[in-house]
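Chemist: Okay, here's the structure, questions in a sec.
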Amino acid sequence: MLTPKYPPQDTPSTPPTTQAQATAAPVPAPVAPAPPVSTRATVQLTPGSALALAAGGGAVVLVVGAVLVSLLLAVAITGVSVAVVAIVLRLLVNDLNKAR
């Protein structure tokens, strides 16, 4: 009931075989193999695009740095606020206990 049901696998169709025709033409001499062609795209940077890339990278570093500093500042302010509230509550509890 809970076992997966897979569709049947496709069977690859074999291409029709053709018989080679015998010809009397001579076989050409083998030629040197062509150099391999790279399929990877090459990136060519012009001075303008390199400058734009550097400026963009610098902007990303500045933005990430500003966000991290803001987060650190928010954590520090929250910690100080919690510490002040804890001190005030401790003083209030001590005053209540002294009044008895």
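The values are calculated or read from the model by the stated rules, or taken from the named source; none is laboratory data. From a predicted model like this one, the values you see are computed outputs, not experimental measurements. Here the Cβ positions follow ideal geometry from the backbone for every residue, glycine too, while neighbour counts run over all protein chains shown.
Chemist: Quick check on this structure: which one of ALA99, ALA41, ALA54 is surrounded by 10 or more Cβ atoms within 10 Å (Cβ to Cβ) and not charged (D, E, K, R)?
Modeler: Working: ALA99 fails: surrounded by 10 or more Cβ atoms within 10 Å (Cβ to Cβ); ALA41 fails: surrounded by 10 or more Cβ atoms within 10 Å (Cβ to Cβ).
Answer to the check: ALA54.
Chemist: Residues being more than 25 Å from the chain's Cα centre (by Cα), at pLDDT 80 or above and not hydroxyl-bearing (Ser, Thr, Tyr): count how many of those fall in the stretch 35-55.
Modeler: Within the stretch 35-55, residues that are more than 25 Å from the chain's Cα centre (by Cα), at pLDDT 80 or above and not hydroxyl-bearing (Ser, Thr, Tyr) number 2.
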